[in-house]
Amino acid sequence: MTGGPHLHLDDMGVWNDRLHQLEVIGVHAETPTVRTFVFRADPGLWFRYRPGQFVTLELPIEGGPLLRTYTLSSSPSRPLSVAVTVKAQAESIGTRWMFDHLRVGMRLRAYGPTGHFTHVAHPASRYLFVSAGSGITPMMAMLRWIADVAPDSDVAFVTAARSPDELIFRHELELLDRQMPKLALSMIVRDTPPGGAWTGHRGRLDATRLPILVPDMLTREVFCCGPDGFMSAVRGILADAGHDMARYHQESFGDLPVATREAPAEQAAPDADAATIRFLESDVAAVAPAGQTVLEIARSVGVRIPAACESGLCGTCRISLAAGAVDMNHNGGILDEDIADGYILACCSVPRGDVQVGA
């Protein structure tokens, strides 16, 4: 057998976002408005990431590729595939395209995984995962990891939804609740349809209800994800109750903000004292005007560097810095070990003199 899907992990390599694409191998409806898309790499490759991290998908929509970032709902304890679970909002472009067009067998380019929102970086004896709506995806990735590698862990899992039908992963959560002896599962819905058979918690998660659901919440490492208002409320509840907020972590969910910064129309005229930047893979050299980012300069000379958030958050524009130095002001989109290995984010790095980059 050569290169098939049944190779042992020892005989496989690691998926590289700069070299390999993803292939859709499954599409599953989670709720009427939420689907999970499952991907694999080329035969002979597996995925290395941390539970809770995200990827940026390059969606081939009409008019040009669209970059959209989604949290992985899959667990790296099952490393031969990855999955994103997405909700089609009314105003969504990328997610709606996925619902309408993305089918089994199609191939996509993706960037990542990256991100710091993972319990692995914060070892604790007790966790509280609290989420609302599609904010459950990183929590599910972490819970699946825990269920696979440490099922006796003490986890309080609280998730909220508008109605019972919108509780994502409901049946899997109920199964894990029966299998994991120290998992305390609480599902709370705001509305129930007339005649509905819901017997669980109703209402909103507030300062009265959360301590009832998780009486020892102040002793737990807390991870929170959901709409901004929800996370702000949970954060306020915990802070007012006296929680050590150094042990509170939150992540916003959904499409990252689109860049509002205009790329320079033309490159400035060469200056005898100006720094230069060389894009090694494209074999292009350019002047590096003061204050412009590597991404802006690349665009001005026709060098393509994929970029999504353009705010140093998603990590899509990660490239190697082969020579020289830059001033990089990122927002968590690159890991310290990546920086140590010589990578930068093009969107938030300004050359400090002559530089050479891998793009």
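The values are calculated or read from the model by the stated rules, or taken from the named source; none is laboratory data. As the structure is a computational prediction, the values presented were derived from the model and not from experiment. Here the Cβ is made from the backbone with ideal geometry for all residues, glycine too, and neighbour counts use every protein chain on show. Surface accessibility is based on the protein's heavy atoms, side chains included, excluding ligands, DNA and RNA. Shrake-Rupley method; radii C 1.70, N 1.55, O 1.52, S 1.80 Å.
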Task: Residues satisfying the stated conditions in region 133-162, i.e. among the hydrophobic types (A, V, I, L, M, F, W, C) and assigned to a helix (DSSP H, G or I) - done: Ile136, Met139, Met140, Ala141, Met142, Leu143, Trp145, Ile146, Ala147, Val149
Task: Selection count, region 130-151, where residues are closer than 13 Å to Ser73 by Cβ and open to solvent by less than 10 Å² (accessible area, probe 1.4 Å) - done: 10
Task: Test result for Pro193, more than 22 Å from Glu30 (Cα to Cα) and open to solvent by 20 Å² or more (accessible area, probe 1.4 Å) - done: no
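Restricted to region 322-343, and to residues that are part of a strand (DSSP E or B) and in contact with a Ser or Thr (Cβ under 8 Å, 6 or more places away or on another chain), which residue is least open to solvent (accessible area, probe 1.4 Å)? Talk me through it step by step, then tell me what you get.
Quick first cut of region 322-343, residues part of a strand (DSSP E or B) only: 322-323, 326-328, 343.
The next check asks that each one be in contact with a Ser or Thr (Cβ under 8 Å, 6 or more places away or on another chain); those that pass are 326-328, 343.
On the way: Val326: 21, Asp327: 72, Met328: 45, Tyr343: 75 Å².
Restricting to residues being part of a strand (DSSP E or B) and in contact with a Ser or Thr (Cβ under 8 Å, 6 or more places away or on another chain), the top hit is Val326.
If you go through region 68-94, how many residues are open to solvent by 30 Å² or more (accessible area, probe 1.4 Å), farther than 21 Å from Pro43 by Cα and of a type in the set (A, V, I, L, M, F, W, C)?
2
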Task: Qualifying residues in region 166-184 (those that are open to solvent by 70 Å² or more (accessible area, probe 1.4 Å) and not in a helix (DSSP H, G or I)) - the one farthest from Leu210 (Cα to Cα) - done: Pro181
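Can you name every residue in region 1-51 that is of a type in the set (Asp, Glu), surrounded by fewer than 12 Cβ atoms within 10 Å (Cβ to Cβ) and part of a loop (DSSP other than H, G, I, E, B)? Step through it out loud before you land on a result.
Residues of region 1-51 that are of a type in the set (Asp, Glu), as a first pass: 10-11, 17, 23, 30, 42.
The next check asks that each one be surrounded by fewer than 12 Cβ atoms within 10 Å (Cβ to Cβ); those that pass are 10-11.
Those that are of a type in the set (Asp, Glu), surrounded by fewer than 12 Cβ atoms within 10 Å (Cβ to Cβ) and part of a loop (DSSP other than H, G, I, E, B): none in region 1-51.
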Task: Lone unmet requirement of (1) in contact (Cβ under 8 Å) with a residue 24 or more places away in the chain; (2) at positive phi for Gly63 - done: (1)
Task: Cβ pairs under 6 Å, 6+ apart, first in region 135-147 and farther than 22 Å from Arg162 by Cβ, second of a type outside the set (D, E, K, R) and open to solvent by 10 Å² or more (accessible area, probe 1.4 Å) - done: Met142/His119; Trp145/Ser77; Ile146/Ser153; Ala147/Leu176
- [ ] For region 153-161, indicate whether the set of residues that are closer than 21 Å to Ala207 by Cα, free of Cβ contacts under 8 Å to residues at least 40 places away in the same chain, surrounded by fewer than 23 Cβ atoms within 10 Å (Cβ to Cβ) and more than 19 Å from the chain's Cα centre (by Cα) is non-empty.
- [x] yes
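Only strands (runs of 3 or more DSSP E) wholly contained in region 202-309 count here; list those with 2 or more residues that are at pLDDT 95 or above, in contact with a Leu (Cβ under 8 Å, 6 or more places away or on another chain) and open to solvent by less than 80 Å² (accessible area, probe 1.4 Å). Steps first, please.
On the way: elements: 221-226, 248-252, 275-279, 284-288.
Qualifying strands (runs of 3 or more DSSP E): 221-226.
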